[in-house]
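Structure first, then comments.
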2 protein chains.
Amino acid sequence: MMKNEESLFCKGKAPNIKRFMEISLLLLLAQEESHGYTLAERLTDFGFSSEEFNIGTLYRTLRKMEKDNYVISKWQEGGQGPKKRVYQITESGKNALAQLIEMLKSRKKRIEKLIDSYEYESLKDKSDNIMKGK
Amino acid sequence: MMKNEESLFCKGKAPNIKRFMEISLLLLLAQEESHGYTLAERLTDFGFSSEEFNIGTLYRTLRKMEKDNYVISKWQEGGQGPKKRVYQITESGKNALAQLIEMLKSRKKRIEKLIDSYEYESLKDKSDNIMKGK
DNA sequence: ATGAATATATGCATTACGCATATATGTTAT
DNA sequence: ATAACATATATGCGTAATGCATATATTCAT
């Protein structure tokens, strides 16, 4: 039984149902180039509260995205404070983003299906109770 | 920086952004008691295609759910074929399901925010191009 | 007896995180 | 001058939820 194609839990071989951070960063970098610390602030504007993610994870995700050729980075010196590693999205990264957005759309439909199913059951229970005079 | 409360990626200590299988099984078991093999079929009716999940994962998830006291199981002999381990949802499982549905609702909102943001950027690009006479 | 269908389970690997911690550089207050 | 703070990046360790492959057992039809 069972071979995987475009799974709910998995796309290809990876369990990438959770790639919110990566998708969000790609989206921000599609808007404009940026470095890690600024991206953290931009995520906040974007709807993430600063308690909701880990800054270490952000940097690690950016390094991984560069390894995957979704972004490239260069060191920017000269401003105030320490050097900044500035990231730019690549064409490959833009394509990945488009695909990930499609994945989010199908994920959203699945979630809606579950929620609807739950609420239909709840309604049914209520009308059962009404039928029984509860 | 950063302390975790009700993360996008995480609820408490666990990275449970992906718990579709568990939620789906709880939902099915809230409807009626069932055993693994039947649940696999019912998931199919439910919108999962049989290629989209792993039957081993299903059984492993059910055992974990029992460990967490979300379900209880008993062996049912006497029918045709091998013995079946029949699962029933507990009150604790029903509470967990209600909470997980709430989690799905907020997750859905987050997904919508990302999709909207992506599509807004695409529209903006188009009108930029129009402004530039492209 | 052989094979198919039914039924449950486990070992190994991977991914995307969280948390804690380390390191370094400017900037400001004392 | 030094201590504290804000800025900035990175890594080690651990975990949850999954996939894939494989093992085991029972019943039924041929």
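The values are calculated or read from the model by the stated rules, or taken from the named source; none is laboratory data. Not measured: the values here are computed from a predicted model. Every residue, glycine as well, gets a Cβ built from its backbone with ideal geometry; the counts of neighbours run over all protein chains shown. Note: accessible area is taken over every heavy atom of the protein model, side chains too, but ligands, DNA and RNA are not part of it. Shrake-Rupley method; radii C 1.70, N 1.55, O 1.52, S 1.80 Å.
Each row is one residue, and each column tells you yes or no for (1) under 21 Å from B:Leu123 (Cα atoms); (2) more than 9 Å from chain B (Cβ to nearest Cβ); (3) away from DNA strand C (no atom under 16 Å from the Cβ).
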{"residue": "A:Gln80", "(1), (2), (3)": "no, yes, no"}
{"residue": "A:Tyr87", "(1), (2), (3)": "no, yes, no"}
{"residue": "A:Gly93", "(1), (2), (3)": "yes, yes, no"}
{"residue": "A:Glu102", "(1), (2), (3)": "yes, yes, no"}
{"residue": "A:Ser117", "(1), (2), (3)": "no, no, yes"}
{"residue": "A:Tyr120", "(1), (2), (3)": "no, yes, yes"}
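Please work out if B:Ala40 is open to solvent by less than 40 Å² (accessible area, probe 1.4 Å) and within 12 Å of DNA strand C (Cβ to nearest atom). Working first, answer last.
Details: open to solvent by less than 40 Å² (accessible area, probe 1.4 Å): yes; within 12 Å of DNA strand C (Cβ to nearest atom): yes.
Considered against the rule, which asks whether it is open to solvent by less than 40 Å² (accessible area, probe 1.4 Å) and within 12 Å of DNA strand C (Cβ to nearest atom), B:Ala40 comes out as yes.
Would you confirm, using the coordinates I've provided, whether B:Ala30 is of a type in the set (Gly, Ala, Ser), at pLDDT 95 or above and in contact with a helix residue (DSSP H, G or I) (Cβ under 8 Å, 6 or more places away or on another chain)?
Yes.
Name, by its number, the condition in (1) of a type outside the set (D, E, K, R); (2) modelled with pLDDT of 90 or more; (3) within 22 Å of A:Leu114 (Cα to Cα) that does not hold for B:Tyr120.
Here B:Tyr120 clears every test but (3).
What is the residue count in segment A:61-77 for residues that are surrounded by 12 or more Cβ atoms within 10 Å (Cβ to Cβ) and among the aromatic types (Phe, Trp, Tyr)? Reasoning before the result, please.
Quick first cut of segment A:61-77, residues surrounded by 12 or more Cβ atoms within 10 Å (Cβ to Cβ) only: A:61-66, A:68-73, A:76.
Next cut, among the aromatic types (Phe, Trp, Tyr) only: A:70.
Counting residues in segment A:61-77 that are surrounded by 12 or more Cβ atoms within 10 Å (Cβ to Cβ) and among the aromatic types (Phe, Trp, Tyr) gives 1.
Scanning for something more than 14 Å from every other protein chain (Cβ to nearest Cβ) and near DNA strand C (Cβ under 9 Å from one of its atoms), does segment A:49-72 turn up at least one residue?
Within segment A:49-72, the subset more than 14 Å from every other protein chain (Cβ to nearest Cβ) is A:62-72.
Those left that are additionally near DNA strand C (Cβ under 9 Å from one of its atoms): A:64, A:68.
There is at least one residue in segment A:49-72 that is more than 14 Å from every other protein chain (Cβ to nearest Cβ) and near DNA strand C (Cβ under 9 Å from one of its atoms).
Quick one: A:Pro82 ticks every box in (1) under 22 Å from B:Asp116 (Cα atoms); (2) modelled with pLDDT under 95; (3) not charged (D, E, K, R) bar one, so which box is it?
(1)
Going by the conditions given, is B:Phe9 modelled with pLDDT under 80 and in contact with a Ser or Thr (Cβ under 7 Å, 6 or more places away or on another chain)?
Answer is no for this residue.
Taking segment A:85-110 only, how many residues are modelled with pLDDT under 95, within 16 Å of DNA strand D (Cβ to nearest atom) and either within 16 Å of A:Tyr37 (Cβ to Cβ) or surrounded by fewer than 14 Cβ atoms within 10 Å (Cβ to Cβ) (or both)?
The qualifying residues number 1.
So for segment B:47-60 (the condition being open to solvent by 10 Å² or more (accessible area, probe 1.4 Å) and either farther than 30 Å from A:Gln99 by Cα or more than 18 Å from the chain's Cα centre (by Cα) (or both)), does at least one residue qualify?
Among the residues of segment B:47-60, at least one is open to solvent by 10 Å² or more (accessible area, probe 1.4 Å) and either farther than 30 Å from A:Gln99 by Cα or more than 18 Å from the chain's Cα centre (by Cα) (or both), which makes the answer yes.
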